[in-house]
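Remarks on the structure that follows.
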Amino acid sequence: MKKAIATIMIAGAASMMCACGNDDGDQNQGNGHTTGQETMRMPAGTATGDMSTVDQGKLTAFAVAFRTRYPDLSQDRDDADIKEIVLDTCDDIAEGTSEQQVSDEIRDQAEHNGVIPTQAQVDEIYDMVTPACP
């Protein structure tokens, strides 16, 4: 059991490290074709307001890390719902919302099936989200 948990945590960490690489190689020079990291384009009128692109790799890494770190908050929850925490938080940060208000929103969004994250968990989630923001 401990070996399985360690394997999951290592896989999550490896995914997070790969997704959080630098952005220097996002486009081939001259031809405009993107390589490496993909972006998720949000349709107009979504909950993410003015944010037009978010790094898909970072969103996926966040979902993996969230599931690994907070199994009680992610049980019976789809990835899109978990990724929405990132999208909404990045939006709030871009709009200049105070850190306390952002933390309160994270608490509300992370809550699931009656399980409310502790303040320490909210702070950790905030720290996990910010690298994913454009």
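The values are calculated or read from the model by the stated rules, or taken from the named source; none is laboratory data. Quantities reported herein were computed from a predicted structural model and do not represent experimental measurements. Cβ coordinates were reconstructed from backbone atoms using ideal geometry, including for glycine residues, and neighbour counts include every protein chain displayed. The accessibility values were calculated without ligands, DNA or RNA, using every heavy atom of the protein model including side chains. Shrake-Rupley method; radii C 1.70, N 1.55, O 1.52, S 1.80 Å.
Taking the condition open to solvent by less than 30 Å² (accessible area, probe 1.4 Å), in contact (Cβ under 8 Å) with a residue 60 or more places away in the chain and not polar (S, T, N, Q), does Val122 pass? No; evaluated as a whole, the condition is false for this residue. For the range 71-82, a residue qualifies if it is surrounded by 20 or more Cβ atoms within 10 Å (Cβ to Cβ) and touching a residue at least 40 places away in the same chain (Cβ under 8 Å), and exactly one does: Leu73. I'm trying to understand the selection: among the residues of the range 96-106, which are of a type outside the set (S, T, N, Q) and surrounded by 12 or more Cβ atoms within 10 Å (Cβ to Cβ)? Those that are of a type outside the set (S, T, N, Q) and surrounded by 12 or more Cβ atoms within 10 Å (Cβ to Cβ): Val102, Asp104, Glu105, Ile106.
Condition check ((1) open to solvent by 20 Å² or more (accessible area, probe 1.4 Å); (2) on the phi > 0 side of the Ramachandran plot; (3) touching a Pro at 6+ places or on another chain (Cβ under 8 Å); (4) touching a residue at least 40 places away in the same chain (Cβ under 8 Å)) across all residues:
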position	(1), (2), (3), (4)
Ala63	no, no, no, no
Arg69	yes, no, no, yes
Glu84	yes, no, no, no
Leu87	no, no, no, yes
Asp108	yes, no, no, no
